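Chemist: Have a look at the structure that comes next, please.
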């Protein structure tokens, strides 16, 4: 995935707001279960267009939060943190 400037600005913003909280963030069990359901449907070729859009959104968020967590970890490890 290309990381466009606006995307990276949002990642930096999210990471800087509450880095410790972000590093410790975990999605709910319900969200994990829903994503697993969607992946099973996708692998079985039974996913609807709306479900595919939902899955794409989860994937987008996972990538963004992953980058923000990495940035938050850097912030927490910096001497000025």
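Chemist: Using alpha carbons only, how many degrees (0 to 90, rounded to 10) separate the axis of helix 29-43 from the longest principal axis of the chain?
Modeler: 50 degrees
Chemist: Can you tell which of 54, 20, 33 shows the greatest fluctuation in a Gaussian network model of the chain with Cα springs below 10 Å?
Modeler: 33
Chemist: Rounded to the nearest 0.05, what FRET efficiency do residue 46 and residue 76 give with R0 = 35 Å and r taken as the Cβ-Cβ distance? Could you check?
Modeler: After rounding, the FRET efficiency stands at 0.25.
Chemist: With angles folded into 0 to 90 degrees, how steeply does helix 49-77 sit against the dominant principal axis of the chain? Use alpha carbons for both and round to 10.
Modeler: Helix 49-77 sits at roughly 20 degrees to that axis.
Chemist: Mean-square fluctuation check for the chain, GNM, Cα pairs under 10 Å: which of 70, 29, 15 is largest?
Modeler: For the chain, modelled as a Gaussian network with Cα springs under 10 Å, the answer is 29.
Chemist: Could you state the angle between the C-alpha long axis of helix 5-17 and the longest principal axis of the C-alpha atoms of the chain, as a value from 0 to 90 degrees rounded to the nearest 10?
Modeler: The helix 5-17 is inclined about 70 degrees to the chain.
Chemist: At residue 56 and residue 18, where each label point lies 7 Å from the Cα along Cα→Cβ, what is the point-to-point distance in nanometres?
Modeler: Distance between label points: 3.1 nm.
Rule-based calculations on the coordinates, nothing more; no lab input. Computed from a prediction, not measured in an experiment: that's the story for all the values here. Quick reminder, even Gly has a Cβ in these numbers, built from the backbone with ideal geometry, and neighbours come from all protein chains shown.
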